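The values are calculated or read from the model by the stated rules, or taken from the named source; none is laboratory data. Quantities reported herein were computed from a predicted structural model and do not represent experimental measurements. FYI the Cβ positions are ideal-geometry reconstructions off the backbone, even for glycines, and counts take in every protein chain you see. Note: accessible area is taken over every heavy atom of the protein model, side chains too, but ligands, DNA and RNA are not part of it. Shrake-Rupley method; radii C 1.70, N 1.55, O 1.52, S 1.80 Å.
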Amino acid sequence: MRIILFGSPGVGKGTQAKIISKSFNIPHISTGDILRKAVKEQTELGKKAGEIMARGELVPDDLMIALIKEVLTSAECKNGFILDGFPRTTVQAAALDKLFSQIGISDAVLIYITADENEIVRRLNNRRACKQCGSIYVLKDIENVNACPNCGAENSFYLRNDDKEEVIKNRLEVFKSTTMPVLDYYKGKGRVIEVNGLDTIENVNKNIIESLKEKNLYN
Ligand code: AMP
């Protein structure tokens, strides 16, 4: 199973990707997580990406394409993967297509999770991340929690720089102007399913699985 999860920042791609990754036993490839790790470790890529990410802008295509080539051709992704956060531009989408044809992949499915903008701003403002492992939580669920339920790190919750209100606005603008055209690119090729993201985590997941089955894309 090869899946591309597509949708606005804050729509729940990361959450759904983790569930799908477990149920299909395929790796969850989040370019945002890879970049945040690189920034934390101050690698060459991290040094280049840090400030761009803090402004809510996109890391240049050439860096992202090189990164995704390395990951998708690794042994880990041999039997499938779920991509979360890539492609975000039509240039990235075309490069991904080229890579897929080079490595013989023709079964990728794009899942578009929809949501409305007001809800997205509310969600992003109300989410907190763990500094240690990057897990994302809803503020009200961790109000009286000291340690990260995923990795156990204490007092590690913080508001990501790019989840601050002024940066959120920029991320949403970038999504509309630069990332949305990626959807048309894929719609032209078929193999796209659309799921309403304004529902519970369980229902969104159920709808994804049902749509995959309905369209005979479940394999
Ligand atoms: P995310 O966690 O997916 O929202 O990504 C966080 C940030 O990482 C984005 O706002 C971008 O600055 C950067 N980023 C992640 N994926 C990409 C990509 N495919 N192309 C360019 N920048 C990206």
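Taking each residue of the stretch 1-13 that is more than 17 Å from VAL174 (Cα to Cα) and looking for partners that are among the polar types (S, T, N, Q) and near the ligand (Cβ under 10 Å from one of its atoms) with beta-carbon atoms closer than 8 Å, six or more apart or interchain, yields nothing. Please tell me if GLY134 is on the phi > 0 side of the Ramachandran plot, at pLDDT below 95 and not polar (S, T, N, Q). Here the answer is yes, as GLY134 does meet what is asked. Of note, ASP107 satisfies the criterion of being among the acidic types (Asp, Glu), part of a loop (DSSP other than H, G, I, E, B) and either modelled with pLDDT under 95 or within 15 Å of the ligand (Cβ to nearest atom) (or both). Cβ-Cβ contacts under 9 Å between residues 6 or more apart (or on different chains), taken from a first residue in the stretch 78-97 that is under 11 Å from MET1 (Cα atoms) to a second residue that is hydroxyl-bearing (Ser, Thr, Tyr) and more than 11 Å from the ligand (Cβ to nearest atom), are listed as PHE81/SER21; ILE82/SER21.
Would you pick out the residues in the stretch 95-142 that are of a type in the set (Lys, Arg) and over 24 Å from ILE193 (Cα atoms)? Scanning the stretch 95-142 gives ARG122, ARG127, ARG128, LYS131, LYS140. State whether one or more residues within the stretch 71-90 are open to solvent by 30 Å² or more (accessible area, probe 1.4 Å), touching a helix residue (DSSP H, G or I) at 6+ places or on another chain (Cβ under 6 Å) and within 14 Å of the ligand (Cβ to nearest atom). Scanning the stretch 71-90, I find at least one residue that is open to solvent by 30 Å² or more (accessible area, probe 1.4 Å), touching a helix residue (DSSP H, G or I) at 6+ places or on another chain (Cβ under 6 Å) and within 14 Å of the ligand (Cβ to nearest atom), so the answer is yes.
Take ILE113 and decide whether it is within 17 Å of LYS18 (Cβ to Cβ) and surrounded by 14 or more Cβ atoms within 10 Å (Cβ to Cβ).
yes
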